[in-house]
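Participant: Sharing a structure with you now.
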Amino acid sequence: ADQVALAHRSGAVMIVVRGVLIAAGLALGGYGVLLLLTDNPWPVLMNIGIWAAVGVILHDFVFAPACVAIGLVGSRLIPQAWRATFAVAALLSVVVMVLAIPVYDRPGARPDNPTVLDHDYHRGVEVLLILIWAGAVTYITAGHLIARRRRGRSANPVDRQAQLARRAAGQADSQ
């Protein structure tokens, strides 16, 4: 009754499969570390370590508290029915902006080679953000319209019969 795994997932075959997958993961991870250490000089390894440490520090002391603050403010300002849609749109917006960082100021673009970074990335990010938020507003509006259309109808047949009886009684009284 309190079992988490199904019976077919705990046999000898699954133990072997899990062992093989764990061994493969450890082997690939070890190979990656070996390549990292043998193919890079010491200054590059130091830079990798610094970038990793800065990433952890930024996440723990900047991004995570900012997300908590935005969540608290959003929970006070955004209606309950809209929160999930706003959260998805906000997440997509952040992903788009983070992915646009490397090309946003056109690093590497050269006048002698116009084919390098030849798109208007500012406009692309703006259009994508507009589409994301327009989709969120459309989703919320459609949900509101569908709920308004269904208002007064009930999925429960007993309630539906009572509604029809009240309507019929109201029409009979007015005649």
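Participant: Sorted from largest down, give the three principal axis spans of the alpha carbons of the range 7-150, whole angstrom values.
Facilitator: If we take the Cα atoms of the range 7-150, the spans are 65, 62, 33 Å.
Participant: I'm a student and want to see the number: the projected area of the Cα convex hull of the range 84-154, averaged over all directions, in nm².
Facilitator: Its average projected convex-hull area is 5.9 nm².
Participant: Using a 1.4 angstrom probe, figure out how much accessible area the range 35-133 has per residue, in square angstrom, rounded to the nearest whole. Show your work: numbers first, answer last.
Facilitator: Working: 7740 Å² over 99 residues.
Value for the range 35-133: 78 Å² per residue.
The values are calculated or read from the model by the stated rules, or taken from the named source; none is laboratory data. Everything numeric here is computed off the predicted structure, so don't read it as measured data. For accessibility, only protein heavy atoms count, side chains too; no ligands or nucleic acids. Shrake-Rupley method; radii C 1.70, N 1.55, O 1.52, S 1.80 Å.
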